[in-house]
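Here the structure is laid out as structure tokens; the discussion comes afterwards.
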Amino acid sequence: MSSQTVSRRVLLRIGALAGAAGLAPSLGACVTDDLGTSALPEKQSALDVMPVLLVATTRKPVGTPPRPPYFNSERGRGLSFAEVRLSPPDRSLLGKVSAVITGDWTIGAVPKTETGPGAAEAFAQAALGRDVLIYVHGYRESFESAAVSAARLSDGIRFRGVSGLFTWPSAAATFDYNYDRESALWSRDAFEDLLKAITATPSGGRINIVAHSMGTLLTLETIRMLRAEAGEAAMARIGAVVLAAPDIDFDLFSNGVARLGPDVSKITVISSTNDRALELSAAIAGGVRAGAADRAKLEALGVRVADASDYGGGLINHDLFLSNPEVQAVVKRAIARGAGV
């Protein structure tokens, strides 16, 4: 049997599991990061009050100015900045019932874009020195699905600062795992340019990063580059770095965090030993994935760990941070620690 046939069968399993993900039930167990758990405050997020998402992307724009779907799966020429106007979900009872079928947050319009050398600075200026939450998505995500996930994350943890998204050229297709991985790594320099621009603004504000799955590889590599090239002054502006279900070979992850020195304390890993997506990723790429590694092995590296192994009750258990309050509370506490609260 050829390796190509094996890879295709593995990817077919990914597709089947991904299609069933929405059917996964939730359980009542708690996720803990050894600091106890707490309920999220019942307050509006800043995004709910002003539904604007700041986007930095290495995707190719669709049209000039961009038109739906705004940015595609191809690699663009440099970084682009976009100000995305979102339509929030209907908070009424009828709206909540409808959301189960039709979804929640949607893209309303993209009235402002800029591509080229000024894109990173445009993002930094739009943030106006406020705290920023940047979401970095994982494998098989379109521009639209990444934007919706960023909105769900920010609103779910009731983030009070600026909501942001760094989106790289995922093919948004089940059988393009290798293309996605290469596109994520190809985007490192652009992501570093963005972080340099934000950390260089004199008006302050912390940058918090929540990365998921394959996006954690991009994030860890970029943070390592930022520390090496921009130094402690830039890293001082980085608050929390949450790596949810990191799709990174454990040895590569170990080497990456070792280069961060004391800044490794900024990292919180949300792991699960029964994450089926990471199990399949390991079958494709080889090696134990960091997000499915034993908790003790991760903690030995100096990172904070929230083990969600006993929480998920579905087939995938890969994106609990977007929907489950206990996991979202872990993200919220990590950001509070990063701010010194």
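The values are calculated or read from the model by the stated rules, or taken from the named source; none is laboratory data. None of the values given here were measured: they were computed from a predicted structure. With ideal geometry, Cβ positions are generated from the backbone for all residues, glycine too; neighbour counts draw on all protein chains shown. Note: accessible area is taken over every heavy atom of the protein model, side chains too, but ligands, DNA and RNA are not part of it. Shrake-Rupley method; radii C 1.70, N 1.55, O 1.52, S 1.80 Å.
Of note:
- Cβ pairs under 7 Å, 6+ apart, first in segment 165-179 and polar (S, T, N, Q), second open to solvent by 30 Å² or more (accessible area, probe 1.4 Å) and part of a strand (DSSP E or B): 170/73
Conditions (1) in a helix (DSSP H, G or I); (2) of a type outside the set (Ser, Thr, Tyr); (3) surrounded by fewer than 18 Cβ atoms within 10 Å (Cβ to Cβ), marked per residue:
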position	(1), (2), (3)
218	yes, yes, no
222	yes, no, no
226	yes, yes, no
243	no, yes, no
247	no, yes, no
252	yes, yes, yes
255	yes, yes, yes
265	yes, no, yes
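- Of all residues in segment 269-285, those satisfying the criterion of being assigned to a helix (DSSP H, G or I) and either touching a Leu at 6+ places or on another chain (Cβ under 6 Å) or open to solvent by 50 Å² or more (accessible area, probe 1.4 Å) (or both) are 276, 279, 283, 285.
- Residue under evaluation residue 171, criteria (1) open to solvent by 10 Å² or more (accessible area, probe 1.4 Å); (2) closer than 30 Å to residue 340 by Cβ; (3) among the aliphatic types (A, V, I, L, M), criterion not met: (2)
- Scan of segment 132-147 for residues that are surrounded by fewer than 20 Cβ atoms within 10 Å (Cβ to Cβ) and in contact with a strand residue (DSSP E or B) (Cβ under 7 Å, 6 or more places away or on another chain), ordered by number: 144
- Looking across 269, 257, one residue alone is among the β-branched types (Val, Ile, Thr), modelled with pLDDT of 95 or more and closer than 20 Å to residue 137 by Cβ. It is 269.
- Verdict on residue 78 being at positive phi, out of contact with any His (no Cβ under 9 Å at 6 or more places or on another chain) and modelled with pLDDT under 85: no
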